[in-house]
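The structure under discussion appears below in the form of structure tokens.
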Amino acid sequence: MRLSVLDQAPVTSGNTAEGALKKAEELAVLADGLGYSRMWMAEHHGGHTFASSAPEVTAARLAAKTERIRIGTGGVMMMHYSPLKLAEVFKTLSAFTPGRIDFGVGRAPGGDTSAMYALSEGRQLMLHNMYDKLSVTMQLLRDQVPEDELYATNAAAPTGVALPEVWLLGSSGNSALQAAQMGVGYSFAQFFNGAMSIDILDHYRDNFQPSPFMEKPEINVSYMVTTAETKEEAEYEALPQDIFRLMMSKGRITQVMTPEEAQNVSLTEIDRMAIQEGRKIHLVGAVKDIAARLQEEQAHYGFQEAMICSIPHTQEKRLEVYRLLARELL
């Protein structure tokens, strides 16, 4: 199985946003050396919990600091940007680092309604044309002239550069057919809602049409993972993330606390039930058990690559998660 990294540059309690971005760089260098296939930065707006608001900028930094691993976005949120700008940004990245750039895009806002309107400067949001926008962007990436008159007289510079890989993100299966027909990779966010099914992935595989961006269907699946040598240690490190998700479900966005702080949080029986339910999309356990679970899911669903998002409180524990998984699976 291929392993990859999804990072949100989390700002855990007692830490800074500047430090979170530097830790993303440290993680990229480690993943590059361990043999991970790619590292993507997510896009989040309007909060203090994640520092990854400009993933394409961070990607430039990470690509410059690594040697082999593919670097990209997981993903750029299309609704906020012009196809011309998207094409120019990723062609520039690909010109600097040919053959190692991923253009991963999503249809979500990456923030709440307030952030959405701030990013659009108060203008009416255009949510109906996401796939058209991606199609135009892909034409511009190929130095083609789009049919849309708005872009027909504007070449996306720089021209004549290596194509990035294009990936469409999804969490419910709605985008699987679009990804297939466009000939791009399909990235399923299992850690969003755990709704992955063989039918969704087969729908993508069965309808895939090769393109200059991808010759054959490629699927990666993103998992939230907290692991350690023992189950007990993993449970200890996982509770802060469990509580973070619990608070988020209640509309309260907080930073990930320390394991010691988490142990002292008073939880109701309903809270504990909600945390247990959340474990369907948060894999927690000893590394050998987690590795076996990922291998079982790969065999069952037939994807090529597991993309790991892990947010223990400390950087030391976070890096250890990726080291342990590499030891077992790479």
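The values are calculated or read from the model by the stated rules, or taken from the named source; none is laboratory data. All of these numbers come straight from a predicted model, not from anything done at the bench. Ideal geometry is used to build each Cβ from the backbone, glycine not excepted, and the neighbour counts take in all protein chains shown. For accessibility, only protein heavy atoms count, side chains too; no ligands or nucleic acids. Shrake-Rupley method; radii C 1.70, N 1.55, O 1.52, S 1.80 Å.
Structure data summary
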| item | result |
| --- | --- |
| Of all residues making up the stretch 121-149, the number that are over 27 Å from Gly46 (Cα atoms), open to solvent by 80 Å² or more (accessible area, probe 1.4 Å) and touching a Ser or Thr at 6+ places or on another chain (Cβ under 9 Å) | 1 |
| Residues (open to solvent by 10 Å² or more (accessible area, probe 1.4 Å) and either under 16 Å from Met307 (Cβ atoms) or assigned to a loop (DSSP other than H, G, I, E, B) (or both)) located in the stretch 211-224 | Pro212, Phe213, Glu215, Lys216, Pro217, Glu218 |
| Checking Ser172 against (1) touching a residue at least 40 places away in the same chain (Cβ under 8 Å); (2) closer than 30 Å to Asp242 by Cα, the condition it does not meet | (1) |
| Residues located in the stretch 75-120, provided they are within 23 Å of Ala157 (Cβ to Cβ), assigned to a helix (DSSP H, G or I), open to solvent by 30 Å² or more (accessible area, probe 1.4 Å) and not hydrophobic (A, V, I, L, M, F, W, C) | His80, Lys85, Glu88, Thr92 |
| Looking only at the stretch 178-210, and only at residues there that are hydroxyl-bearing (Ser, Thr, Tyr) and touching a strand residue (DSSP E or B) at 6+ places or on another chain (Cβ under 8 Å), the one that is surrounded by the fewest Cβ atoms within 10 Å (Cβ to Cβ) | Tyr204 |
| Residue selected from the stretch 159-177 under the condition open to solvent by 40 Å² or more (accessible area, probe 1.4 Å) and assigned to a loop (DSSP other than H, G, I, E, B), by the criterion nearest to Phe208 (Cα to Cα) | Asn174 |
| Residue under evaluation Arg2, criteria (1) open to solvent by 40 Å² or more (accessible area, probe 1.4 Å); (2) touching a helix residue (DSSP H, G or I) at 6+ places or on another chain (Cβ under 6 Å); (3) farther than 27 Å from Glu88 by Cβ, criterion not met | (2) |
| When residues of the stretch 54-74 are limited to those that are open to solvent by less than 30 Å² (accessible area, probe 1.4 Å) and among the hydrophobic types (A, V, I, L, M, F, W, C), the one farthest from Val89 (Cα to Cα) | Ile69 |
| Condition broken by Ala306, with the remaining ones in (1) in contact (Cβ under 8 Å) with a residue 60 or more places away in the chain; (2) part of a helix (DSSP H, G or I); (3) hydrophobic (A, V, I, L, M, F, W, C) satisfied | (2) |
| The one condition in (1) outside any helix (DSSP H, G or I); (2) without any contact (Cβ under 8 Å) to a residue 24 or more places away in the chain; (3) charged (D, E, K, R); (4) under 25 Å from Ala176 (Cα atoms) that Arg123 fails to fulfil | (4) |
| Evaluation of His45 against (1) at pLDDT 95 or above; (2) open to solvent by less than 50 Å² (accessible area, probe 1.4 Å); (3) under 25 Å from Met248 (Cα atoms) (one fails), failing number | (1) |
| Breaking point among (1) open to solvent by 50 Å² or more (accessible area, probe 1.4 Å); (2) within 14 Å of the chain's Cα centre (by Cα); (3) over 25 Å from Pro109 (Cβ atoms), for Ser37 | (1) |
| Output for the stretch 294-312, where each listed residue is over 13 Å from the mean Cα position of the chain (by Cα) and of a type in the set (S, T, N, Q) | Gln295, Gln298, Gln304 |
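Let's see how each residue does on (1) in contact with a Ser or Thr (Cβ under 9 Å, 6 or more places away or on another chain); (2) farther than 23 Å from Arg2 by Cβ:
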position	(1), (2)
Glu215	no, no
Leu246	no, yes
Ser249	no, yes
Glu261	yes, yes
Leu267	no, yes
